[in-house]
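Input: a single structure, listed below in structure tokens.
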Amino acid sequence: MSPYKRLKRDLVHKGRIIDYYSDTIEVEGGKITNFDFIDHRGAAAMVPVDGDGMILMVRQYRNAVDQYTLEIPAGGLNPGEDCRSCAIRECEEETGYRAGEVFHLLDLYTTVAFSNEKIGIYYTTGVTPSHQNLDEDEFVTLERHSVEELTKMILDGKIVDAKTIAAILAYKEKIG
């Protein structure tokens, strides 16, 4: 039995993609404390690999860190959508390439200290040209990189997005 017991969960703010709560928790020894909790609807991401073995990446501005980041295409689940379908949709919307055969790579929680955001990550080979379909507030630049280039960028601190780091390193291990 866990020494932690949630006594109360209060909605602080209902957002577009997250809801923010303040949880009142009884911890070991009967002490009462508060935890912040971010409820997220879930997300999915794709490692899209073209016919030359290059990975299609998107560069975009991220307000939370006030910088441009290089990432694998990803996005939030729509109501009723499963992770695989979301990853396929986001790949095409952000890169302008349609996924070929799709394989599950891994699932991860992004920040277990305060959020339940879980991302299902997939990879696809044999992408075919389609067209981008970006959200009106989404501006991305498409880049192609080898696994080796991306690994070096990770180790040099040039790729800082956790889902991208985990996905590229897992994909590199998968292909051996």
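Odds and ends about this structure:
- ³J(HN,Hα), Karplus 6.51/-1.76/1.60, whole Hz, each residue of segment 130-147, x for Gly, Pro: 9, 8, 5, 9, 7, 5, 5, 9, 10, 10, 10, 10, 8, 9, 10, 9, 7, 4
- Given the chain, longest segment not containing exposed loop chymotrypsin sites (Phe, Trp or Tyr not before Pro) (DSSP; at most 14 other Cβ within 10 Å): 5-113
- Local electrostatic count at ILE119 - Lys and Arg +1, Asp and Glu -1, tallied over other residues with Cβ under 9 Å: 0
- Cβ-derived FRET efficiency at R0 45 Å, TYR20 paired with THR128, nearest 0.05: 0.65
- Acute angle (nearest 10 degrees) that the helix 162-175 long axis makes with the longest principal axis of the chain, alpha-carbon atoms: 50 degrees
- Residue with peak Gaussian network fluctuation, the chain [Cα springs, cutoff 10 Å], from LEU105, LEU134, LEU70: LEU134
- Sites ASP137 and PHE35 - FRET efficiency at Förster radius 25 Å, r taken between beta-carbons, to 0.05: 0.25
- With each label modelled as a point 7 angstrom along the Cα→C-beta vector, the ALA113-ALA162 pair spans 0.9 nm.
- Eligible lysines near LYS5 by straight Cα distance, threshold 26 Å, same-chain separation 8 or greater: LYS14, LYS31, LYS118
- In the chain, the calculated helix contribution to ellipticity at 222 nm averages -6500 deg cm²/dmol per residue, counting -39,500 (n - 2.57) for every DSSP H run with n ≥ 4.
- Candidates VAL160, ASN133, LEU150 compared by Cα position along the dipole of the chain: farthest toward the positive end lies VAL160, with charges placed on Cβ.
- Annotation for ALA64 and SER85: the two label points, set 7 Å from Cα along the Cα-Cβ direction, are 2.5 nm apart.
- Between ASP156, ASP50, ASP82, the residue with the greatest mean-square fluctuation in the GNM of the chain (Cα pairs under 10 Å linked by springs) is ASP156.
- Dipole magnitude of the chain, debye to nearest 20 (Cβ charges: Lys/Arg +1, Asp/Glu -1, about Cα centre): 520 debye
- The angle between the Cα long axis of helix 83-95 and the main principal axis of the chain comes to about 50°, on a 0 to 90 degree scale.
- A cut-off under 14 angstrom between Cβ atoms defines the neighbours of ALA74, and their net charge, with Lys, Arg +1 and Asp, Glu -1, is -4.
- Spin-label pair LYS8/LEU169, simplified geometry with 7 Å Cα→Cβ offset, distance in nm: 4.1 nm
Values in this text are rule-based calculations from the coordinates and carry no lab data. Note that this is a predicted model, so its numbers are computed, not measured. In this analysis, Cβ positions are derived from the backbone assuming ideal geometry, glycine residues included, and neighbour counts consider all displayed protein chains.
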